[in-house]
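A.B. asks: Here it is, the structure in full.
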Amino acid sequence: MSIRAKLIIAFAGLSVIPVGLLGLHGVFSNAKMMKQIAFENLTHDVRTIREKTANFLTGVESDLRLLQSASFVQRFLTAAEGPAKQPKERTTEQLASELLAFARTKQIYYQIRIIDDAGDELLRIECLNLSDSLLSFSSTPASELRQGFESYYILLAEGLTKGEIAFTPAEVVHGSAERVPVIGFVMPLFGSKGRVGLLIANVFAKNLFRVIETQRHLNLQGKIVLATSDGHYLYHSEKKKDWNKLLASREDENLQHDYSPSIVAQLLSRQEGMIDEGIDEIISYGPLFSPRGTLFTHQPHAFSNPFFVFESLPKEIVLGPVWTFSWTFAGFLMVFLITSVGLGLLATRQFTKPIAMLQQGAEVITKGNYGHRLHVETHDEIEELAQQFNVMAGSLEVHEREILRHRTTLQEMVQNRTRELTEEKAKLQALLDNVPSAVVLLDQQFRIQAASAAFSNVTGFRFEDARGQDCQSVFCKDGFCRECVSRQAMLSGNTEIHVDQTFDRVRAERYIEHVAIPLKENGHVSSILEIITDITKRKQLEQRLLQTERLTAAGEMSALIAHEFRNSLTSVKMILQLQRESKNFFSHEKKSLDVALNSIHHMEGVVTELLNFARPSPMEFRPEQLLDVINDSISFIESHLKKNIQIEKSLRDDLPSIELDAPHFKEAMINILLNAAQAIENKPRMKRKEIVSVRTHTTTLGKELRDFTLRDNIGDAPDKDGVRSGREITLKKGTRCILVEVSDSGPGIPRNLLNRIFDPFFTTKSNGTGLGLPMVKQTVNAHGGIVTVESRRGAHATFRIYLPLGKRETTHA
């Protein structure tokens, strides 16, 4: 909101608000005063109606008591109690004459009647002309008096004592059809012997209406209502001014139809009061008279409802002047507001215009035009402000030139430093990207923040998928990391190292080294630098070196033991043979010598195996048919098998010829077949038919195969320095090979022994040497091939020999 608008609002508020508050006070005060005046006048009118009604009823009461105590009435009562007939007729005539005179004098009675306790009419004085201003009356002849039809009045007067009066509104039939509204008053007549009859006086109801419609203080469009205790209208100045319809439309013409239940309850509460809330009228109400506590104290239960009167005025009539004043004042206030706003516009223009010039100048300077100056001539504080504004603009212009010079220098420094940082970052990134290890940066919550280029190659996970995730949820779910060194480093504050043995997607064994280095800021660990290195090749090299040392030691020991045992066995064998040929021994002693010679022969076989393993004869390769070599091996072994062990062959006839050392390879096949047969024989329960399966076919490797062997195990000479080095045999993926598979139905090989079955001298047999399978591996490796085994405990074992077609590929270690 602008300053001008605020000032105009202030001017208008200061001028209009006091006047408005004063006017509102006047409106509310006048409304309150008008309501009070209406309350007082309505209350006075209701009380006047009640007083005049009471006076009217008191006059009727006086008339009835006058008639009761009159001498002609007393003579009639005395005659009525006597047995003689003529005195009764005379007194009745005299009574009729007096009552006629009484009715003509009062001019308010429609009927004056006397009935006996049997309900028979004894006398009736009745008005003849209802429409004339001066009423005339007549005494009804005895022949027209009704007999036995006055039970209503008998019931009305039941229980009344001497001097008591009962009254009720009623309608009587005049002539043949006209109905006359009256108020019936009943007084019991008592003689010396008791009650003789009833005096009935029916007063014209219009006389009571004249009392109700008397002149009021507020001669406005109000209404006066007379109602019974059940809410039915007996008189309504707007709806029902006659009692001719007393019995008609009682359901529609009642208080419950026109007012809410709470208003009706107040109007019929037998209390005086005022009502102006919840309705659009102002009402003064009260009971017309109280049937109890006055001379009219008794009514039968069927007609015991009291009467209520209230007068009301519409609020729009009472408060009309107030509303008129309000609208007049509102119009005056609007004119006053418009005038004050107009004057405010004229007054504020004198200083809002220079302020607008200051604002425009500030906008120009904000856009960078510090040479802009203001020209304001108001000869007041605003002009001084404009001059200070110009001074400020000049100062800003000087500072802008200085800032521009410093900014240029700073930009050059930033560019140089940025270039240096970019070069350093590029060097560091080149170092990290060329390091074979994956370098990973973790925050305090162990979330992956950054990684080097080798991350995907080492871990097998995409960095984009791992960024922002907990390292444990990424690495540990697939067994890549079995122990979180990062969390250990976070707790200890020191560098932690751990090596995990795992498997890749093709189940190849891998060794992963995790090094966690805590990075500290202000003495607290803020992040972790984890270096992940694939050390599989290093582990494999270590294993090969251990295997080389183990095989070398085994070969030297085997050669030494075999040489010493062979010399000793030769001497023992010669002595036993000479003793066997001597004639000094009995036959049973010669049998013992035969047993000893057989043991010597067995020991010579073991020594031969040791020598063959320690110093194998050189291989002599020549083109051979592998199928022929395998068939010869099977033919040789079948004669040594039990009857329930059979060999099933599935040999391809179209196998190409390869360079083989047939004797050595045949010996290797025999060792594998014997090993399979012996495994079946060691089963706890043999079947009737046990199978050793031999299959051959050509294949293309789906993955790279590696193995390691010693040179001098295939007849090669040691290195120049006398050290026996080994060589690595590699069959690359996609190499064409001949595959020889030998499977048995034996109990299988436990998983923990699979890595040891090709170790020299390792055996699970009680009479084995542990050299059969190492010699098989030695022979296959000499052919440039690789032998593998697949088995699990309780299932068969399968040996696979891969012989490459073409030049054998090896790698020296």
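Read-outs: derived from the displayed coordinates by stated rules, not from any lab. Predicted model, so just to flag it, every value in this text is computed and none were measured. Quick reminder, even Gly has a Cβ in these numbers, built from the backbone with ideal geometry, and neighbours come from all protein chains shown.
A.B. asks: Asp433 to Ile279: extension gain in nm, 0.36 nm per residue of separation minus the Cα-Cα distance?
C.D. replies: Using 0.36 nm per residue and subtracting the Cα-Cα distance, I get 46.3 nm.
A.B. asks: Return the distance in nm (one decimal) between the two label points of a simple spin-label model at Asn30 and Arg349, each offset 7 Å from Cα along Cα→Cβ.
C.D. replies: Each label point is offset 7 Å from its Cα along the Cβ direction, giving 3.7 nm.
A.B. asks: Which of the residue pairs Lys666/Lys777; Lys35/Lys223; Lys427/Lys539; Lys6/Lys367; Lys162/Lys193 have a Cα-Cα distance greater than 21 Å in the structure shown?
C.D. replies: Over 21 Å Cα-Cα: Lys427/Lys539; Lys6/Lys367.
A.B. asks: Taking square-rooted eigenvalues a ≥ b ≥ c of the alpha carbon gyration tensor, is segment 417-537 rounded, prolate or oblate, where a/c under 1.5 means rounded and, failing that, a/b exceeding b/c means prolate?
C.D. replies: oblate
A.B. asks: A follow-up question, please. Write down the radius of gyration of segment 26-94 and its Dmax, each obtained from C-alpha positions, in Å.
C.D. replies: Cα-based Rg and Dmax for segment 26-94 come out at 26.1, 84 Å.
A.B. asks: As an exercise, use a Förster radius of 45 Å and the Cβ-Cβ distance of Glu542 and Arg622 to find the FRET efficiency, rounded to the nearest 0.05.
C.D. replies: Result of the calculation: an efficiency of 0.75.
A.B. asks: Same structure again: What is the sum of charges around Ile365, taking Lys and Arg as +1, Asp and Glu as -1, for the other residues whose C-beta is under 13 Å from the C-beta of Ile365?
C.D. replies: -1
A.B. asks: Please work out the Cα convex hull volume for segment 52-179 and give it in Å³ per residue.
C.D. replies: 131
A.B. asks: In addition: Using DSSP to call loops (not H, G, I, E or B), can you name the GluC sites (Glu not before Pro) in segment 650-704 whose Cβ has at most 16 other Cβ atoms within 10 angstrom?
C.D. replies: Glu704
A.B. asks: Find, to one decimal place in angstroms, the Kirkwood hydrodynamic radius of segment 6-66, where the mean of 1/r is taken over every pair of different Cα atoms and then inverted.
C.D. replies: With all distinct Cα pairs of segment 6-66 included, I get 16.0 Å.
A.B. asks: Moving on. Taking the highest mean first, how do the peptides 384-397, 104-117 order by number of other beta carbon atoms within 10 angstrom per residue?
C.D. replies: Ranking, from highest mean packing down: 104-117, 384-397.
A.B. asks: So, counting K/R as plus one and D/E as minus one, what does the shell of residues with Cβ under 15 Å around Arg447 add up to?
C.D. replies: -3
A.B. asks: So for the pair Ser176, Arg104, with labels modelled 7 Å out along Cα→Cβ, what separation do we get in nm?
C.D. replies: My value for the distance between the label points is 2.9 nm.
A.B. asks: Quickly work out the Thr495-to-Glu728 label distance, labels modelled 7 Å from Cα along the C-beta direction, and quote it in nm with one decimal.
C.D. replies: Once both label points are built, they end up 2.7 nm from each other.
A.B. asks: Calculated FRET efficiency, Glu238 and Val335, Cβ-Cβ r, R0 51 Å, to nearest 0.05?
C.D. replies: In this case the efficiency is close to 0.80.
A.B. asks: What fraction, in whole percent, of alpha-carbon pairs in segment 140-190 exceed 12 Å separation?
C.D. replies: So the pairs more than 12 Å apart make up 72 percent of the total in segment 140-190.
A.B. asks: Using the beta-carbon distance between Phe149 and His257 and R0 = 45 Å, what value does 1/(1 + (r/R0)^6) give for FRET efficiency, to the nearest 0.05?
C.D. replies: Efficiency at R0 = 45 Å is approximately 0.80.
A.B. asks: So, one more: Between Leu404 and Lys425, what length in nm is gained on full extension when 0.36 nm per residue of separation is reduced by their alpha carbon distance?
C.D. replies: Net length gain for the segment: 4.5 nm.
A.B. asks: Work out, step by step, the length gained on full extension between Gln472 and Glu272: first 0.36 nm times the residue separation, then minus their alpha carbon distance; give nm to one decimal.
C.D. replies: 63.0 nm
A.B. asks: Please report the net charge: other residues with Cβ closer than 10 Å to the Cβ of Arg195, K and R +1, D and E -1.
C.D. replies: Taking every Cβ under 10 Å from that of Arg195, the sum is 0.
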